Structure formats: structure tokens, C-alpha cells
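Trainee: Take a look at the following structure, please.
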Amino acid sequence: MTGTESPAAAEQLTATEQPTVPECWTLLRSTPVGPLAKVVDGRPDIHPVNHLVDHGTVLFRTAEGTKLRAAVGHDVAFEADGYDAGAARAWSVVVKGAAREISELDESLGVMILPLFPWQAGPKPRYLRIEPAQVTGRRFVVSGGYVANATGC
């Protein structure tokens, strides 16, 4: 508080609201990338992945390696966030659940036609799906009306 704001105004600036689960899925669809959190060798690890929302799940591609081994068959978390400059509001959505590799022929053919293109060069032939156990989100007014550095760096 700057001293000129009323306590009610200060509370309004920090108030958060929780979007419904359908609203969370809509927000997830609005951004193409977010961090995938998993455990590697007993320690937390994060990799950015570009994703799609598909039938109430989060779908992404990867190659052989740490991300694939640490995610498949394990609980993971995926987060995406964004900012609405016009409303000076930020949002964050977290999906927690089990990651599984798509291996059935029918499902594989169905996801191969989706517009999911990795940003990083190189083949990403493995498709993973996060089947959510929990979807949560929050929206909040950004103090000052803008985000100076959304990445925190």
C-alpha cells in the first residue's frame, strides 16, 4: 500500500479468484507453452514443453531422454500462465496427474494429425498425455497494472 490507497483498495489489488475447471481448460488453450514438473533422481526438475489441450488432457511431444523416463507412468505437474494487459490481470493454471505415453494405434493416429509442433529442432516422435487428477487455477489483478518481467528473470 502506498499510503494513498484505502485498505479495501489494497485488498482488491491482491484479491485472487479461482476459475472453474472449464475456465482453466480455456486458459490452458490460450497459451502454447508451459513448464512440465517431474522428479528426476529424487529431485524436482522442470522442462518447458509446448502443448495442446485434447479431450480434457494435456498433450505434448518429446524424444527419448530424461523427460520421457521421468514422466511416463509417474505423477507430474504442468503449469501455464498468462497476462491480460487490457484488464491488468494475470492467471495461472496447474494440472496434476499421471503421464502416459500414447501407444495404441488408433489414439496415435488421432494425435498425429493435431497441430502440435515442437519448437526445439529435432525429432520428437513420442506423444505423452497428462491425465489430470487435479486442475486448479487462479486469476489476480496485477499491482501497477502491468507485469514488468513475466518470467521472473
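Trainee: Run the simple label-point estimate for Gln18 and His74 please: 7 Å along Cα→C-beta, distance reported in nm.
Mentor: Here the modelled spin labels are 2.8 nm apart.
Trainee: For the range 52-105, run through the GluC sites (Glu not before Pro) and keep only the ones in DSSP coil with at most 13 other Cβ atoms within 10 Å of their Cβ.
Mentor: On the way: sites: Glu64, Glu79, Glu101, Glu104; in loops: Glu64, Glu104.
Of the GluC sites (Glu not before Pro), the ones in loops of the range 52-105 whose Cβ has at most 13 other Cβ atoms within 10 Å are Glu64, Glu104.
Trainee: Multiply the residue gap between Asp84 and Ser103 by 0.36 nm, knock off their C-alpha separation, and tell me the result in nm, one decimal place. Working shown, then result.
Mentor: Numbers: separation 19, 0.36 × 19 = 6.84 nm, distance 3.76 nm.
Here the answer is 3.1 nm.
Trainee: At 7 Å along the Cα-to-beta-carbon direction for both Thr136 and Trp119, put a label point, then send me their distance in nm to one decimal.
Mentor: For Thr136 paired with Trp119, the spin-label model returns 2.6 nm.
Trainee: Which order do Arg126, Arg43 fall in if you start with the one that has the fewest other Cβ atoms within 10 Å? Before the final figure, lay out the partial values.
Mentor: Numbers: Arg126 18, Arg43 6.
Going from sparsest to densest Cβ surroundings: Arg43, Arg126.
Trainee: Are there chymotrypsin sites (Phe, Trp or Tyr not before Pro) in the range 111-144 that DSSP puts in a loop and that have at most 10 other Cβ atoms within 10 Å, and which ones? Write out the running numbers ahead of the final one.
Mentor: Details: sites: Trp119, Tyr127, Phe140; in loops: Trp119.
Passing both the DSSP loop test and the Cβ count: Trp119.
Trainee: Arrange the following residues from fewest to most other Cβ atoms within 10 Å of their Cβ: Thr62, Thr26.
Mentor: Working: Thr62 22, Thr26 14.
Result, fewest neighbours first: Thr26, Thr62.
Trainee: Here is a follow-up. For Val58, Val53, what's the fewest-to-most ordering of other Cβ within 10 Å of each Cβ?
Mentor: Placing the least packed residue first, the sequence is Val53, Val58.
Trainee: A follow-up question, please. Which whole-number value in Å³ per residue fits the convex hull of the alpha carbons of the range 16-142? Walk me through the intermediate numbers first.
Mentor: Numbers: hull volume 15.0 nm³, N = 127.
Looking at the range 16-142, the number lands at 118 Å³ per residue.
Trainee: Using Cα positions and a limit of under 14 Å, work out the aspartates and glutamates in reach of Lys124, with same-chain residues fewer than 8 apart set aside.
Mentor: By straight Cα distance, Lys124 reaches Glu64, Glu101.
Only the coordinates and a few stated rules stand behind these numbers; no lab work does. This one's a predicted model, so the numbers in the text were calculated from it and none came from an experiment. Note that each Cβ is placed from the backbone with ideal geometry, even for glycine, and that neighbours are counted across all protein chains shown.
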